[in-house]
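> Just passing along the structure, written as structure tokens.
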Amino acid sequence: MAEHREFFYRRLHSLLGVVPIGVFLIQHLVVNHFAVYGEESFNKAAAFMHDLPFRIVLETFIIFLPILFHAILGVYIVFTAKNNVKRYGFFRNWLFYLQRFTGIVTLIFISWHVWETRVQIGLGNADLDYSLMEGILANPIMFWFYIIGVISTVFHFSNGLWGFLVSWGFAQSPRSQKIVTYATLVVFLVVSYIGIRSLITFAYGV
Amino acid sequence: MAEKQTVTFIITRQDSPESAPYEETFHVPYRKNMNVISGLMEIRKNPVNANGEKTTPVQWDMNCLEEVCGACSMVINGTARQSCAALVDELEQPIRLEPMSTFPVVRDLIIDRERMFDALKQVKAWIPIDGTHDLGPGPRMPEKKRQWAYELSKCMTCGVCLEACPNVNDKSDFIGPAAISQARLFNSHPTGEMNKSERLEGLMEDGGIEGCGNAQNCVQVCPKGIPLTTSIAAMNRATSIQSFKNFFGSDNAH
């Protein structure tokens, strides 16, 4: 394995983006969607997640460490590319560029989001409930920051899912790669809707 | 087209590998059906630039003149391609010629593609059949497989796919699409298959296949229409399986 370290890290990077990070992303946005059914309903769901057994262990190994690894290697990958969409404006080259662009936007968004929520809760400065998000998203600047952040994150996940299926060699033929493109587009639209819908509820109560 | 008397070339020149590049403009008498190389030959015949100053002839690389050797690749009006197959009548003027930026410049439009040949060595893109006695005929190849493998064999190491790839640059050591496709070609050959893990190991070395970011420019620009992204995905799958075999152990990891 030692002589194939770069190969191993890159495959791991691709895998971690889907499992567990992608799975966590969907779970997170789905649980947020409880907000749409009312404050009570969200607080109940959030409390359930918060009171899961071994929560710190789950958070560390399913969320923090995978994202940290994915982010550090990801930033390196972004800076080793020399984007050329002006010269070669093909569809996939644009997605390649956007994948790197949204990676950076997502990193900024997630850092801010974790600082504002999980870290503040951990420090005892905030409580995990509906009013925390309501307070943050009532500010229109933060609302739009979150909208952009969620869309960027979901795009990065959906297009990364395509990349995972190609990089691991599941989708080989041009036809299968094309169908996976359409499938991941559907994933992007559906998951974005779920995320944005709850943001709207937090911000405007509708 | 008949009224056109001259063709204008703006060429990015460089006197030596270390010196700074500069642009020089040339007006060349128009002839019917001329290609970029015949334009360069006119400059060589009469090396006088647009200001009427005598200059050194522009250097370029060429060999077959029929788009099968890959030597005359350069960036023509922003797109990397073979200059022998670039017809002046089909190009917007002035015609801008630059050396391919992915490779070290030797002089003017001549670049050094040695990294591509090193890449072929890294993936062992050959079939070892030398021995001390006659090994007899090898296993036969299914016709259907031969047909797609033939397409891969059209690669002429021209470097256009590396030039278009955003991940082949001086900040990364990515091997590039061409050699990955060649590993697939030799792994698909019934005799070459006997050493397939050696080629896959080459692809899994640092700077190997993992540098691919799936921008898929390579398949769009390949002058030979080689399904490079299919080859990359095929080798992605093969290296995934090879890495499992290496780690968990397998009697079929030859």
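> Answer yes if at least one residue in the stretch B:164-176 is away from chain A (no Cβ under 14 Å), surrounded by 17 or more Cβ atoms within 10 Å (Cβ to Cβ) and either under 23 Å from the mean Cα position of the chain (by Cα) or outside any helix (DSSP H, G or I) (or both), and no otherwise.
no
> Moving on. Among the strands (runs of 3 or more DSSP E) contained in the stretch B:5-95, which hold 3 or more residues that are β-branched (Val, Ile, Thr) and over 23 Å from B:Cys161 (Cα atoms)?
Counting at least 3 such residues, we get B:6-13.
> Mind checking which residues of the stretch B:39-91 are farther than 30 Å from B:Phe117 by Cβ, in contact with a Ser or Thr (Cβ under 6 Å, 6 or more places away or on another chain) and in contact (Cβ under 8 Å) with a residue 24 or more places away in the chain?
If the condition is that a residue be farther than 30 Å from B:Phe117 by Cβ, in contact with a Ser or Thr (Cβ under 6 Å, 6 or more places away or on another chain) and in contact (Cβ under 8 Å) with a residue 24 or more places away in the chain, then B:Asn49, B:Ala50 are the ones that fit.
> Would you check which residues across the stretch B:1-47 are of a type in the set (S, T, N, Q) and either in contact with a Phe, Trp or Tyr (Cβ under 6 Å, 6 or more places away or on another chain) or over 20 Å from B:Leu65 (Cβ atoms) (or both) and list them?
Correct list: B:Gln5, B:Thr6, B:Thr8, B:Thr12, B:Gln14, B:Ser16, B:Ser19, B:Thr25, B:Asn46.
> In the stretch A:65-101, what residues are surrounded by fewer than 16 Cβ atoms within 10 Å (Cβ to Cβ), hydrophobic (A, V, I, L, M, F, W, C) and facing another protein chain (nearest Cβ under 8 Å)?
A:Phe79
> Another one. For the stretch B:102-114, which positions are within 19 Å of B:Cys165 (Cα to Cα) and surrounded by 19 or more Cβ atoms within 10 Å (Cβ to Cβ)?
Passing the criteria: B:Thr102, B:Phe103, B:Val105, B:Ile111, B:Arg113.
> Here is a follow-up. Please state which one of A:Phe164, A:Phe109, A:Phe170 is over 19 Å from the mean Cα position of the chain (by Cα) and either assigned to a helix (DSSP H, G or I) or not small (Gly, Ala, Ser) (or both).
Matching residue, one of A:Phe164, A:Phe109, A:Phe170: A:Phe170.
Yes or no, residue by residue, for (1) closer than 23 Å to B:Glu92 by Cα; (2) within 21 Å of the chain's Cα centre (by Cα); (3) outside the structural domain of B:Thr12 (by TED's automatic domain parsing):
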{"residue": "B:Asn35", "(1), (2), (3)": "yes, yes, no"}
{"residue": "B:Gly39", "(1), (2), (3)": "yes, no, no"}
{"residue": "B:Ile43", "(1), (2), (3)": "yes, no, no"}
{"residue": "B:Pro47", "(1), (2), (3)": "yes, no, no"}
{"residue": "B:Glu53", "(1), (2), (3)": "no, no, no"}
{"residue": "B:Thr56", "(1), (2), (3)": "no, no, no"}
{"residue": "B:Asn63", "(1), (2), (3)": "no, yes, no"}
{"residue": "B:Glu66", "(1), (2), (3)": "yes, yes, no"}
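> Let me ask something additional. Given the options A:Thr106, A:Thr117, name the one that is of a type outside the set (A, V, I, L, M), more than 14 Å from chain B (Cβ to nearest Cβ) and without any contact (Cβ under 8 Å) to a residue 24 or more places away in the chain.
A:Thr117
> Another one. Against the conditions (1) assigned by TED's automatic domain parsing to the domain that holds B:Asp206; (2) within 20 Å of B:Gln14 (Cα to Cα), where does B:Val123 fall short? Just the number, please.
(2)
> Does A:Leu12 qualify as being under 18 Å from the mean Cα position of the chain (by Cα) and surrounded by 16 or more Cβ atoms within 10 Å (Cβ to Cβ)?
Here the answer is no, as A:Leu12 does not meet what is asked.
> Here is a further query. Answer yes if at least one residue in the stretch B:216-223 is more than 22 Å from A:Gln99 (Cα to Cα) and within 14 Å of chain A (Cβ to nearest Cβ), and no otherwise.
Yes, the stretch B:216-223 contains a residue that is more than 22 Å from A:Gln99 (Cα to Cα) and within 14 Å of chain A (Cβ to nearest Cβ).
> Would you mind stating whether B:Met156 is more than 25 Å from A:Val85 (Cβ to Cβ) and in contact with an Asp or Glu (Cβ under 9 Å, 6 or more places away or on another chain)?
When the stated conditions are applied, B:Met156 passes them.
> If I filter the stretch B:184-201 for residues that are within 9 Å of another protein chain (Cβ to nearest Cβ), at pLDDT 95 or above and over 17 Å from the mean Cα position of the chain (by Cα), do I get at least one hit?
Within the stretch B:184-201, one or more residues are within 9 Å of another protein chain (Cβ to nearest Cβ), at pLDDT 95 or above and over 17 Å from the mean Cα position of the chain (by Cα).
Residue-wise test of (1) within 14 Å of chain B (Cβ to nearest Cβ); (2) part of a helix (DSSP H, G or I); (3) under 21 Å from A:Leu107 (Cα atoms).
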site: A:His4; (1), (2), (3): yes, yes, no
site: A:Gly22; (1), (2), (3): no, yes, yes
site: A:Leu25; (1), (2), (3): no, yes, yes
site: A:Pro53; (1), (2), (3): no, no, no
site: A:Ile56; (1), (2), (3): no, yes, no
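> Against the conditions (1) out of contact with any helix residue (DSSP H, G or I) (no Cβ under 6 Å at 6 or more places or on another chain); (2) within 30 Å of B:Ser197 (Cβ to Cβ); (3) aliphatic (A, V, I, L, M); (4) buried (at least 21 other Cβ atoms within 10 Å of the Cβ), where does B:Val123 fall short? Just the number, please.
(1)
> Determine which member of the set B:Thr229, B:Thr157, B:Thr239 is more than 8 Å from every other protein chain (Cβ to nearest Cβ) and of a type in the set (Ser, Thr, Tyr).
B:Thr157
> Is it fair to say B:Ala149 is surrounded by fewer than 22 Cβ atoms within 10 Å (Cβ to Cβ), within 9 Å of another protein chain (Cβ to nearest Cβ) and within 22 Å of the chain's Cα centre (by Cα)?
No, not satisfied.
The values are calculated or read from the model by the stated rules, or taken from the named source; none is laboratory data. Being a predicted model, the structure only gives us computed values, none of them experimental. Backbone-built Cβ (ideal geometry, glycine too); neighbour counts: all protein chains shown.
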